[in-house]
């Protein structure tokens, strides 16, 4: 099953309808994570043809038909959580993953009845923060908010063997099929056609902000190969550094999640050229898809998930899954997601989450060929 089919299988039709910076995690966190990683047994080699668990045949209603949240549903004394919970985001503040985690955190705190803090632990394209959570105590007080793009790309490129099998997956909280290619107005390019004409006539003449070790670079390589052009990819760090790179004149272009660039597109500081998706984005209805500009394929989506260390009690996973479900049901939250990425809210519960990631992993074989080029 392809990634797109998986999304169709698990998602129901929905309407198409804060950013508070915290300091980068202290150095001791990074040092401790390296120590924990060194002490853990080596994980078995990953292969694309490993058996894939499948979800139950019965279709699940993911959002509709559930009781509304009330304060009475908060946990009784002695139930998890009884103290603050930490969400580790394995990237710097300012990127899309950090943005979404900070949208969830205060709402989770309201439901769970305890403070929920977001801590950014950057390094190695997400592997440092993910490794920190994987090695943490399985007591429910340290969780990971991450996405499949970097998680799978890091495994496929051999950067790490840390995969979704090294975590207890609580739920899938959202997904994004809306990468956008943007250019600074001073470059003098106003459409995808103008970009392709210039870059094909002068390969490598334009630079694009990316993360060489991350998912955005893999998507860029897919677009280059599918579109028959060659662009100069410049490593600027994580997603949080892409807009500053373009606005500061260090690179002419950027390529990442639409949420990172929408404010600058709205202000006229960036020009969107195409959407890497099967259909146009509701927030950028005038921007064509890659297929519409003559580039077949060249894109894949990412899903954002909550995960805990292996061994975490199932009741904790289910409680977190239920809390996230309640959030994604709220009209104001759906509207927030629509405003950020122009896409509907999305949720896969605990019972289906691991099978969902298994199917996404199995569908990464095509992307793996781009990783090796």
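Any read-out appearing in this document is the output of simple, stated calculations on the displayed coordinates, not a laboratory observation. What you are looking at is a predicted structure, and each value in this text was computed from that prediction instead of being measured. Note: ideal-geometry Cβ built from the backbone for every residue, glycine included; neighbour counts use all protein chains shown.
Under 1.5 on a/c is rounded, so check that first for the range 179-293, then, if it is not, pick prolate when a/b is larger than b/c and oblate when it is not; a ≥ b ≥ c are the square roots of the alpha carbon gyration tensor eigenvalues.
Verdict is rounded for the range 179-293.
Taking the Cβ of each residue in 197, 286, 314 as the centre, tally the other Cβ atoms inside 10 Å and list the residues starting with the fewest.
286, 314, 197
If packing is taken as the average count of other Cβ atoms within 10 Å, what order do 132-139, 237-244, 333-340 fall into, highest mean first?
Per-residue mean Cβ counts within 10 Å order the peptides as 237-244, 132-139, 333-340.
With a cut-off of 17 Å, note down the residues of the range 279-311 whose backbone N falls inside the zone around a label point 7 Å from the Cα of residue 194 toward its beta carbon.
286-288, 293
Could you tell me whether the range 212-254 comes out rounded, prolate or oblate from its Cα gyration tensor? Rule is a ≥ b ≥ c as square roots of the eigenvalues, rounded for a/c under 1.5, then prolate if a/b exceeds b/c, otherwise oblate.
oblate
By average Cβ neighbour count within 10 Å, what is the ranking of 221-228, 201-208 from highest down?
221-228, 201-208
What is the fewest-to-most order of 86, 312 by other Cβ atoms lying within 10 Å of their Cβ?
Least to most surrounded, the residues fall as 86, 312.
Set the Förster radius R0 to 25 Å, insert the Cβ-Cβ distance between residue 161 and residue 212 as r into 1/(1 + (r/R0)^6), and round the FRET efficiency to 0.05.
It comes out at approximately 0.80.
Rounded, prolate or oblate: which fits the range 302-367, taking a ≥ b ≥ c as square roots of the Cα gyration tensor eigenvalues, rounded meaning a/c under 1.5, else prolate when a/b beats b/c?
oblate
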